[in-house]
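Shown next, in structure tokens, is the structure this report addresses.
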Amino acid sequence: MRWLVGWSSPAARIPGMAGRAVLPLAAQPLWQGTDPLWAVGAWRPDEIRLVEADSGRSRHPGNDPNSRFGQARSSSRTASTPTRLAVLGACRATDDELRIGLYAGRGGALRHLSMWPGSYTAVLQIGHRITVVGDLAGARPVFHTRWAGGTAYATAALPLADLVEAGLDVTHLAARLACPDSPEALGDGTPYQDVRRLPPGHALVLREGAADITGYEPRASLAVGGTRTPVDPGQAVTGVRDALVEAVRARLDGPRHVPDPDDPPAAGVGADLSGGSASATLALLAAGLPGMPGTPLGHGTEAGQRLVAVTFNDLATGGEPARDAELDRARRMAADPRLRHVVVPGGAGTLPYADLLDGGPLTDEPAAILVSAERHRRRLAAGGADHLVGLGARHVLDAHPARLADLLLDRNRRHLFGPATALARAEPPSARAAFVPLTVYRAARRLARTPYRQGVEDAASRLLAGRFDDTGAGGLAASLAALTWVRPGPAARWLTGEALAEVSLRLQDAAARPGGAVRPGERRARAALARAAADARVFEQAVEVRGQRLHLPYLDNQVVRACQALPETLRVRPGARANVLRQVLAASGVRDLPPGWGAPSASATAAALRTGLRAGADAVLDVLSAPLLADAGLVDAAVLRKAVRSAAAGAPVPLDGLSDLIATEVWLRRLLLRRGSCWTGADAPRQRAVAAGVPRVLPLPG
């Protein structure tokens, strides 16, 4: 796990600030002084770049042999007003572009610091003013908290919770389970009390310890599909193609890293290659771009093959026809001589829930990925030292169902016909299917006519009444349920009345606060993207393979912006994501795609969850024998165990809701059993972040 941490101190406390005796463990100092900055963890030298205004040059501090931890101490430490920029992550900006960004940021143009290809975090220091620029999606989050009279910030929440000895925020966990993609319920909170998350598309500005949050992106462009002015579809697709190519090139142009012999990844670049559209597009683009070989000096490239394409073959779930068809599509695409195809067989040990009792890394927050981390880790271990994955494509390319209400607000009623007809075709043949278009139209019109405040208050009332009949459903029911301002999550049905009441109060408070005019589709899409990006960050932490870097190009700033520029009328069409990516590949010279390319894989995911729960029911029930969720007052243990037995027996239970609950229980256990701290020094905190959370009803171990 790698993270960035620093703080801003008030001028009055600088001479004798107690916090100066606190240091993060395994820290690499980027600059010191009263407002220090560190990179913590196994950062690569090329992932950390510094630009200083007084020196007029940029540096890769990790290449400096004269500094401790391979990091250069800033040459301007003693300067009265240092002006410098640190960029951490995969950034394709040249040294001159970084220098221009430094001066642009000094002049207040913070958006300029988010315009380079890649995925990174930028920290700008102008005298005693620190500015931390977050990304558009939230895949590179920034957290902050009050500490020692000033403000500490980091790209991971757990270290800040350690620093201030924060307790567990049980109400936030309840909100995350009840309304996982609702900013009204979650706010800017985290699972730790007093540790806040910077909203996507914003920057954290610190002046002598005082924090200010400012947006750097126009409000309309933060929403997926938020463009209202007429845009030529062909030009917009070209923009997506250019952004994706630059995002992939940003990873290919970087130095190649050869993992240690004991590390599983192969040297060079790899990519997921399934029968779907998102990961396959990245793999085919990476294979077709000119660039450096996969390994230094070309060693081990096997006659020019420079991309390791990994396909996971699930042998334990069943559904042989669909599985074989997907594997056949992957093999046809991997026939390119520039690809080296690796098929990873998945047996019973890779099913979800198979590794619950085997431990695992402690992530910043819980996410459903924790119940299937070993499944993904097995696949990624066969990939490259730099590995491309397609997470985030659905949320940046597809239109949220609530966008249908926006079409009505824009008087584009005719564009509702395609989505409604597609939903009707997905329904089993019946007399009811004939009325699906009208049902969808009525739901969209109802949302378009419902004021924001009323919609949030209706959701709060629904939580109190326990009405969750359509949560966790699929097909038409899921689409209709999404045509609301706030939708309860699939896990809400198993929460206690007390927990639901707490979340309901949060929604009522949010409804009472004044807010600007916003369209429902814009808000729902923006919230869904932020939730998906946060889950993608947990995915990176949970499945981390030593010596490997995961890259998520679809969540890069420039890719998100390009996808936002797609006309909403283009994105609400059935199969819009596959159609756009097909055009992207065609413009890049890839036209021979196998039949069935772009087929959805949601059914395969549900089948894996059900099979894994059936096979691992005993282990899951063992974990839930004395659940911490029940001790925290979030669920009734007997009710939750009954739901697990019913799901294992094949009952129609929302499996994603159960996954969220079980993953949260696993996360709480890992947090409770964690020992040690992220900090050292005479004034370092000695307690764990969980000291005031769930352990209020359970004794701490040891």
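Numbers for the structure displayed
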| quantity | calculated |
| --- | --- |
| Subset of segment 500-548 that is among the β-branched types (Val, Ile, Thr) and farther than 23 Å from THR190 by Cβ - its residue that is modelled with the lowest pLDDT | VAL518 |
| Qualifying positions in segment 669-687 - assigned to a loop (DSSP other than H, G, I, E, B), surrounded by 13 or more Cβ atoms within 10 Å (Cβ to Cβ) and within 27 Å of the chain's Cα centre (by Cα) | ARG674, SER677, CYS678 |
| Answer residue from segment 658-679, given it is at pLDDT 95 or above and small (Gly, Ala, Ser) and is nearest to LEU163 (Cα to Cα) among those | ALA663 |
| Matching strands (runs of 3 or more DSSP E) fully within segment 7-74 where at least 1 residues are under 16 Å from LEU163 (Cα atoms), at pLDDT 55 or above and open to solvent by less than 20 Å² (accessible area, probe 1.4 Å) | 27-31, 37-40 |
| Restricting segment 164-184 to residues that are open to solvent by 10 Å² or more (accessible area, probe 1.4 Å) and aliphatic (A, V, I, L, M), the residue that is nearest to the chain's Cα centre (by Cα) | VAL170 |
| Tally, over segment 405-435, of residues that are outside any loop (DSSP other than H, G, I, E, B), more than 20 Å from ALA236 (Cα to Cα) and modelled with pLDDT of 75 or more | 9 |
| Test: residue in segment 383-400 that is touching a helix residue (DSSP H, G or I) at 6+ places or on another chain (Cβ under 6 Å), modelled with pLDDT under 85 and open to solvent by 30 Å² or more (accessible area, probe 1.4 Å) | no |
| Subset tally (residues that are part of a loop (DSSP other than H, G, I, E, B) and either crowded, with 18+ Cβ neighbours inside 10 Å or at pLDDT below 80 (or both)) for segment 589-610 | 7 |
| Any chance ASP636 is open to solvent by 30 Å² or more (accessible area, probe 1.4 Å), among the charged types (D, E, K, R), modelled with pLDDT under 90 and more than 22 Å from LEU357 (Cβ to Cβ) | no |
| Residues being in a helix (DSSP H, G or I) and either under 13 Å from GLY118 (Cβ atoms) or open to solvent by 20 Å² or more (accessible area, probe 1.4 Å) (or both) - total across segment 533-553 | 4 |
| Filter result (within 22 Å of ALA137 (Cα to Cα), of a type in the set (A, V, I, L, M) and not in a loop (DSSP other than H, G, I, E, B)) within segment 99-119 | LEU110, LEU113 |
| Inter-residue pairs, beta-carbon under 8 Å, first hydroxyl-bearing (Ser, Thr, Tyr) and in segment 96-121, second part of a helix (DSSP H, G or I), 6+ apart | SER114/ASN557; SER119/PRO553; SER119/LEU555; SER119/ASN557 |
| Top-ranked residue of segment 277-290 - restricted to ones that are more than 20 Å from the chain's Cα centre (by Cα) and surrounded by fewer than 24 Cβ atoms within 10 Å (Cβ to Cβ), ranked as modelled with the lowest pLDDT | PRO290 |
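Every residue, every condition in (1) at pLDDT 95 or above; (2) open to solvent by 40 Å² or more (accessible area, probe 1.4 Å); (3) over 23 Å from the mean Cα position of the chain (by Cα); (4) of a type outside the set (Val, Ile, Thr), yes or no:
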residue: GLY149; (1), (2), (3), (4): no, yes, yes, yes
residue: LEU186; (1), (2), (3), (4): yes, no, no, yes
residue: ARG196; (1), (2), (3), (4): yes, yes, no, yes
residue: GLY201; (1), (2), (3), (4): yes, no, no, yes
residue: LEU206; (1), (2), (3), (4): yes, no, yes, yes
residue: ALA211; (1), (2), (3), (4): yes, yes, yes, yes
residue: VAL245; (1), (2), (3), (4): yes, no, no, no
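The values are calculated or read from the model by the stated rules, or taken from the named source; none is laboratory data. In this text the structure is predicted, and so the values were computed from the model without any measurement. As a convention, Cβ positions derive from the backbone with ideal geometry for all residues, glycine included, and neighbour counts pool all protein chains shown. Ligands, DNA and RNA are stripped out before the accessible areas are found, and what is left, the full protein with its side chains, is counted by its heavy atoms. Shrake-Rupley method; radii C 1.70, N 1.55, O 1.52, S 1.80 Å.
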